[in-house]
Amino acid sequence: MLEAMWEGFRLLLDWQIVWLIVLATAIGNFFGAVPGLGGNLALALLIPFVFGMQPFAGLAFLLAMHSVVQTGGAIPSILFGIPGTGPCTATIIDGLPMTKKGEGGVAMGAQLAASGVGGVIGGFVLALLIPVLRPIIMAFGSPEIFMLIVFGLTMIVVVSRESIAKGFIATLIGLMLGMVGLSPHTGIGRFTFDQLWLWDGIHVVCIVLGIFAYAEMMELGARGHTAKMSQVDIKMSWQQLWKGTTIVFKEWWLTLRTSIIGVIIGIIPGLGGDAASWICYAHAAQTCKNNENFGKGDIRGVIAVETANNSKEGGALLPTLGFGIPGSSGMAILLGAFLILGITPGPKMLVDHLDIVWGMVWVLIIANIFGAVSLYPLTRYMGMLAFLRSSLLIPPIMFLAAMGAFLIRGFWQDVVLAVMFGFFGYAMKRFNYPRATLVLGFIMGPLAEDYFYKSMSAWGFSFLLRPVTVALLILAVLSLVYSVWKVVRDRSKKKPDTTKIGSDMLFSLFLLMVFIGACYMASTWPRKTYPLLVIIPAIMFSVWHILLQVYRLRTSIPAETGLPSEKTVSAPVEITKESIEEITKERIEETIELRNERIIFLWLLGFLTIIMIAGFWVAMLVFIPLFMFKFGHEKRKLVVVYTACFWVSIYVVFQALMKSSLFGGVFDISW
């Protein structure tokens, strides 16, 4: 074993291999940082370039590139709420609030350090598990994976501190959205409305870009043309980056735990990186002390997600090498590269090519270290984008999000869908529905349904009695009960907010009508057990939440009416000049924000209309100058230069380098 370890390390001493790893990490960071690209696309595009390479050189290049994609993907997540890759969605929960508080540099430093450390730990754990690979994988069948997913869903209460009902409703919406498309068990279309492009379901990128990127840009625009993503004027500095880096090592026990959990989740085929990041976030939020700031800008949330994002690649490599079973979609593509290079993964590889296996372990470790370190000099300057005023920031973010939605599958409908989810995400943000739990439900939903039916087909309900399943079920129940108890205890000390209760109730009634309609549709499907197990609880939680709002209307002082309830009339209120001025100022700010809100809604609809008619290339030349000049009141020279630079940059990256075909609109205008 030690000899193979040394032989694997000697493979990396070739300068060609070192150069390929350096180049691959730069490419991986780029593909991760640009929303809509991701590691799978990078692998697909770069596999042709490894033809003719030595087997290990080609594998080192592709593996190094793939292993650092999440490191780059976290950058737009923290700065703008736009996940560069799917697993980086969980980074938004605490990373974006930190940026708004002026602590974006701390978050970025922690993200880079956690990514590097997580990748290194993942590589070492991979090395330790190679001798015991078979029993670990064989211990997890369909029942165990299903219960592990259930355990992951228990984190809904952790990020739903404001309202348990809202947390469940958001998660169940995600589970429902995961049903869209052809049923994998019956072939019947579910929620497709006779649209062929929905047969494959909704892509997670459309949902994430909508409820996070577009929703955040709407919120930014509603604050006015001079608003910034960072609400505190503290520039990103080397001190902030260093502070975030040191916190990762101060929280060494959390870093180690989440890295190991990430590896274990990565080992299990079918779960993927999204499950690893969410489960590790849930673990951190449940086990860390003083966890009331999770979801509001707690750096430990960033650390937990980023260590898992990179460490799970080591875990996903195990079944790929040992059994030829890809541990993730990226590993499935990498498996094809193995075969192209003349290497057949499987049990024999751990005997005949153990030096290559150890060489790949070293590639994982070195690529993660270099990928994180190489971004430190750039991160500080990229962080300055958070201090751009909204009139300069909103147009490029809107276009990048739209391009990301389109490039995933090449459907113009996905662009429309992303914008529609933007409006929905803004409503969720305004009425305090946790958006992260919707994404969690969407990702876990198809997996849960698949493994539920597989377990039922093989064992019936007796699958719940299997030892590992029982252990995971007990952990899930204990985790859920403990989380609910903590939420109820913390909320009992706070006075409920009733300022938006009227409009919140309208939104809740809208959701209830959607759930009832979905229940009627699901009742006609041949195999409806799982869908009804999701939709009926959604109706119940919606009714519960509406009744709770009615109760609060009767027992509190809604800001909209100003009428006291029976329980509060005896309390005298002192009216002073300062209090009147403060109330007047708040009302004026609310009025201005509502006006800006309507304006930014119209701009977004106009943005979508121009793309649908004239396509991306013309829309950039029309929408950006109009928005900057009319909404932002920018100077004409700046408008012209800014628009030209952005257009040329998009052309070079997407058209000249990547040969991507962007939507040309009704008139099919292309360049």
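Quick notes
- Breaking point among (1) modelled with pLDDT under 80; (2) in contact with a Lys or Arg (Cβ under 7 Å, 6 or more places away or on another chain), for PRO97: (1)
- Annotation note: Cβ proximity below 6 Å between a residue of region 1-27 that is on the phi > 0 side of the Ramachandran plot and modelled with pLDDT under 80 and a residue that is assigned to a helix (DSSP H, G or I) and open to solvent by less than 100 Å² (accessible area, probe 1.4 Å) (sequence gap 6+ or interchain) occurs for no pair.
- So THR561, is it open to solvent by 20 Å² or more (accessible area, probe 1.4 Å), touching a Gly at 6+ places or on another chain (Cβ under 9 Å), at pLDDT below 75 and more than 28 Å from PHE191 (Cα to Cα): yes
- Among the residues of region 298-318, those identified as open to solvent by less than 10 Å² (accessible area, probe 1.4 Å) and modelled with pLDDT under 85 are ASN309, ASN310, SER311, GLU313, GLY314, GLY315, ALA316, LEU317, LEU318.
- Among the residues of region 449-499, just one is open to solvent by 60 Å² or more (accessible area, probe 1.4 Å), at pLDDT 75 or above and either at positive phi or not in a helix (DSSP H, G or I) (or both), namely ARG466.
- Any hit, region 76-99, residues being open to solvent by 10 Å² or more (accessible area, probe 1.4 Å) and within 22 Å of LYS250 (Cβ to Cβ): yes
- VAL248 falls short of the stated requirement of being modelled with pLDDT under 80 and open to solvent by less than 10 Å² (accessible area, probe 1.4 Å).
- In the set LEU334, LEU339, only one residue is among the aliphatic types (A, V, I, L, M), surrounded by 20 or more Cβ atoms within 10 Å (Cβ to Cβ), more than 15 Å from VAL263 (Cα to Cα) and modelled with pLDDT under 80; that residue is LEU334.
- Checklist (1) open to solvent by 10 Å² or more (accessible area, probe 1.4 Å); (2) under 27 Å from ILE650 (Cβ atoms); (3) under 19 Å from the mean Cα position of the chain (by Cα) applied to ALA405, failing item: (1)
- Flag not set for LEU608, criterion: open to solvent by 40 Å² or more (accessible area, probe 1.4 Å) and either in a helix (DSSP H, G or I) or among the basic types (Lys, Arg) (or both).
- Residues considered: PRO526, PRO531. Of these, the only one that is at pLDDT 85 or above and outside any helix (DSSP H, G or I) is PRO526.
- Within region 154-190, restricting attention to residues that are farther than 25 Å from SER479 by Cα, in a loop (DSSP other than H, G, I, E, B) and open to solvent by less than 30 Å² (accessible area, probe 1.4 Å), the residue that is modelled with the lowest pLDDT is SER183.
- Any hit, region 319-330, residues being open to solvent by 10 Å² or more (accessible area, probe 1.4 Å), under 22 Å from ILE365 (Cβ atoms) and at pLDDT below 80: yes
- Inspection of region 423-444 finds no residue satisfying the criterion of being β-branched (Val, Ile, Thr), assigned to a helix (DSSP H, G or I) and surrounded by fewer than 23 Cβ atoms within 10 Å (Cβ to Cβ).
The values are calculated or read from the model by the stated rules, or taken from the named source; none is laboratory data. Every value quoted in this text rests on a predicted model; they were computed, and no experiment measured them. Every residue, glycine among them, receives a Cβ derived from its backbone with ideal geometry; neighbour counts consider all protein chains shown. Surface accessibility is based on the protein's heavy atoms, side chains included, excluding ligands, DNA and RNA. Shrake-Rupley method; radii C 1.70, N 1.55, O 1.52, S 1.80 Å.
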